[in-house]
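S.K.: Before anything else, here's the structure in question.
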Amino acid sequence: MKLTDIDTVRGSDEGAVMTVRHPGTGEYIEEMWIKLAGPDSKIAKQRRAEIRRKMRRMNRNNLDFDALEAEADETRVAVTLDWGGIEIDEPLTCTTENAQRVYSEFPWLAEQVDEFQGDRANFIGKRSKRRGRTRDSEDG
């Protein structure tokens, strides 16, 4: 095996599709998906660099946890590349404003995004297409 066979940077930049799971049953909701940039993507690296700059300016003895949570929210929105089947009262297009709204109103979904996006395995090879029991894995 070559290191290029397990390149997480390319997969992170291309993004991977997370199939949303029902928060109560854990079952996949096949028609509801979110495409996310991975942890080694340019977008994620830029967000981490920005957070580091802001933290350096903060008083290290007086960390503002609300500010840190806001940074996590901004990162989640930034790595959201596209989605489908996401509806509240009507279908929502994938925009910054809509992503902020969805993740704010549905923290269980924000948690799924964080878990998926933080797992490099989701951004390697075939797994970078979809996670879980989905069309790609059913095909073999």
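The values are calculated or read from the model by the stated rules, or taken from the named source; none is laboratory data. Remember, predicted model here, so these are calculated numbers, not experimental data. Don't worry about glycine lacking a Cβ; one is built from the backbone with ideal geometry, like all the others, and counts go over all protein chains shown.
S.K.: State all residues of the stretch 1-17 that are in a loop (DSSP other than H, G, I, E, B), of a type in the set (D, E, K, R) and without any contact (Cβ under 8 Å) to a residue 40 or more places away in the chain; if no residue qualifies, say none.
M.R.: Answer for the stretch 1-17, where residues must be in a loop (DSSP other than H, G, I, E, B), of a type in the set (D, E, K, R) and without any contact (Cβ under 8 Å) to a residue 40 or more places away in the chain: just 2.
S.K.: Here is a follow-up. Quick one: which helices (runs of 4 or more DSSP H) sit completely within the stretch 67-140 and have at least 3 residues that are modelled with pLDDT of 95 or more and either out of contact with any strand residue (DSSP E or B) (no Cβ under 6 Å at 6 or more places or on another chain) or within 17 Å of residue 18 (Cα to Cα) (or both)?
M.R.: 96-105, 107-117
S.K.: May I ask you to list the residues in the stretch 70-114 that are more than 21 Å from residue 27 (Cα to Cα), out of contact with any helix residue (DSSP H, G or I) (no Cβ under 9 Å at 6 or more places or on another chain) and of a type in the set (A, V, I, L, M, F, W, C)?
M.R.: Hits for the stretch 70-114 are 70, 94.
S.K.: Right, here's the next one. How many residues are part of a strand (DSSP E or B) and over 14 Å from residue 76 (Cα atoms) if we restrict to the stretch 18-49?
M.R.: Selection size over the stretch 18-49: 9.
S.K.: Given the conditions (1) in contact (Cβ under 8 Å) with a residue 24 or more places away in the chain; (2) closer than 21 Å to residue 41 by Cβ, report the number of the one that residue 102 does not fulfil.
M.R.: Every listed condition holds for residue 102 apart from (1).
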